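For reference, the structure discussed in these notes is given below.
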Amino acid sequence: MTAETSARERITGRVPARRTIRPRTRERLTTWADRYRRRLLVTDAIVVVVAVVAAEIARFGTELTIPVARLEIPAVLVATLIAGLWVVLLNITRVADLRIIGSGPTEFSRVVSASLTLFGLLAIVDLLLKLNIARGFIALALPLGTVGLLLSHFLWRLDLKASRRRRACLNHVLVIGGERSARPLIAHLARNPQLGFEVVGVCLPTPGTRTEITIGDHSVPVLGDFSQAGDAVVASRATTVAVTSAEVLGHSAMRELSWELEGLHVDMVVDPGVVDVAGPRMLVRPVAGLPLLHVEKPTYQGANRIMKATVDRLGSLAAVILAAPVLIACAIAVKLDSPGPVFYRAERVGLNNEPFSMWKFRSMCVDADARLAALQAQNEGAGLLFKMRDDPRVTRVGKFLRRYSLDELPQLFNVLGGSMSLVGPRPPLPSEVQRYTGPIARRMLVRPGITGLWQVSGRSDLNWEESVRLDLSYVENWSIAQDIAILWRTIRTVVSSRGAY
């Protein structure tokens, strides 16, 4: 008995059956992803052609030829060559890769990369061969085509997200792993259809006579044990296999499983067991023949911190200038609506547990804090948060301000002063921080923000556990690119007023 078999026996309670690697094939299933990808590629080609032709007409009018290296080249030929090369580069950079479409910034960054590469190549060729291609033509085609491509990908993504909210356009996932590790993954995917996955079956190490496992109001069929994974893929028509218990299978079984799935046209993914750590911090690197997952430490210091502080100061200053009329209007409305000061100053805890005064427009009556104890029985929140959908302490103007988050605009002055950031964890009360235990305290490693993942993921609709998880995820993975994405999502969330009360 090998050490690997012995380890699996201790975990599962039995020695798994010897896996037989059978050559197995299945016709590749035509799924929503294939149709989506074709539409995306066709749209890209149309956008590129329109951009090149529009730039050509704008620069040369209706001339049938274009001067290139003292020669008169047919305009149609030039447009065809540039548009064709652009489409080829879009395919080379895999802007329509099924693993990235519909989520994350990678799709958009590849569009920009392909466009810049094309015109970089054109510039080099023009310089070396002295073609003297009209710079005005390039200056028009590059931004016009790039913006058009980004817009088309964005619109297709909106359509995909709308479909996923209706639980359509989902990848079918077969989960292979122990029930303890499989349950969190199944629950997370069932709760978030926008991620694009639907679990259609599970293979357990010792299924016994069980036919399904139930998680909340969601049931998933049990399709056998690990040795029956290939049959389960065919039976469930799965397009993705997610392994959640690699340590139970062992290295040899994992390798054999990947061999068995080769002819089934199915993606295989492995849960590394690392929660809320983003891709840029993870790198798979072979060491002595073993694929080891390296997890980099989160960076809270150095150039990233300086850049974040710079963006905060400049961004908040610009926001104060642009929002000055709104700030004045809100201040007048608060003063006329109810007696009391215009601003509400609340003590919060910031970076490294340092207390600071956070400014907001007053949205409650002046004795709101004194009335809190009487309302504790009606608390709709969880954990350390007090939340009440119809709080009687909120004024008429206060309800409007809260609905569109206008009451938080004075926090821009906190950002200018350095006590807050534009994006960060929710600023906690001192009483909350005193009760922080374990990993929750890591929220204090970065400055709290006016907005954050909690703001764009449900706001007051979130329970305590979800709010903490999102804050910790931000702390572990924050970057300038992520901050920009959150700021953009905040605008949409505020306009929709979802989860605000």
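The values are calculated or read from the model by the stated rules, or taken from the named source; none is laboratory data. What you see is a predicted model; the values in this text were computed from it and never measured. We place every Cβ from the backbone using ideal geometry, glycine too, and count neighbours over all the protein chains shown. The accessibility values were calculated without ligands, DNA or RNA, using every heavy atom of the protein model including side chains. Shrake-Rupley method; radii C 1.70, N 1.55, O 1.52, S 1.80 Å.
Roughly how many nanometres apart are two label points built 7 Å out from the Cα toward the Cβ at R396 and N477? Those two pseudo-labels are separated by 4.5 nm.
The order of the peptides 77-84, 234-241 by mean Cβ neighbours within 10 Å, most packed first, is 234-241, 77-84. Using a simple spin-label model with pseudo-atoms 7 Å out from Cα toward Cβ, I57 and L29 lie 4.5 nm apart.
Converting phi to 3J(HN,Hα) with the Karplus coefficients 6.51, -1.76 and 1.60 and the offset θ = phi - 60°, region 202-216 yields 9, 10, 9, x, 9, x, x, 9, 6, 9, 6, 10, 10, 10, x Hz in sequence order, with x at every glycine or proline. Per residue, the accessible area of region 83-129 comes to 51 Å², computed with a 1.4 Å probe over protein heavy atoms only. Extension gain, W488 to T214: 0.36 nm times the residue separation minus the Cα-Cα distance gives 94.9 nm.
The residues neighbouring V415, those whose beta-carbon lies less than 9 Å from its own, together hold a net charge of +1 under the Lys/Arg +1, Asp/Glu -1 convention. Taking 0.36 nm per residue of separation and subtracting the current Cα-Cα distance, fully stretching the chain between S113 and R237 would add 41.1 nm. Note on R99 and A374: with the Förster distance fixed at 51 Å, the Cβ-Cβ geometry gives a FRET efficiency of about 0.45.
Annotation: amide H-H contacts under 5 Å for V270 (H modelled 1.01 Å from N, sequence separation of 5 or more, or interchain): V243.
Averaging the sequence gap over all C-alpha pairs within less than 8 Å and six or more residues apart, then dividing by the number of residues, gives region 118-208 a relative contact order of 24 percent.
Extension gain, L81 to L429: 0.36 nm times the residue separation minus the Cα-Cα distance gives 119.1 nm. Each Lys or Arg adds one and each Asp or Glu subtracts one; over the other residues with Cβ under 14 Å from the Cβ of T43, this totals +2. With both labels modelled 7 Å from their Cα along Cα-to-Cβ, the R305 to A329 distance reads 4.0 nm.
Of the peptides 431-438, 186-193, 119-126, the ranking by mean beta-carbon count within 10 Å, highest at the top, reads 186-193, 119-126, 431-438. Using a probe of 1.4 Å on the protein chains alone, the accessible area found for F413 is around 100 Å². Accessible area ranking (1.4 Å probe, heavy atoms, ligands and nucleic acids excluded), largest first, for T214, T209: T209, T214. Taking the 1.4 Å solvent-accessible surface of region 316-451 as the whole, the part contributed by carbon and sulfur is 60%. Rounded, prolate or oblate: which fits region 398-441, taking a ≥ b ≥ c as square roots of the Cα gyration tensor eigenvalues, rounded meaning a/c under 1.5, else prolate when a/b beats b/c? Oblate is the answer for region 398-441, as a/c is 1.5 or above yet b/c matches or exceeds a/b. Residue ranges 316-322, 88-94 sort as 88-94, 316-322 when ordered by packing (mean number of other C-beta atoms within 10 Å per residue, highest first).
Within the accessible surface of region 81-125, defined with a 1.4 Å probe on protein heavy atoms only, the carbon and sulfur portion equals 73 percent.
Per the 1.4 Å probe, what fraction of the accessible area of region 166-274, in percent, lies on carbon and sulfur atoms? Whole-percent figure for carbon plus sulfur exposure: 51.
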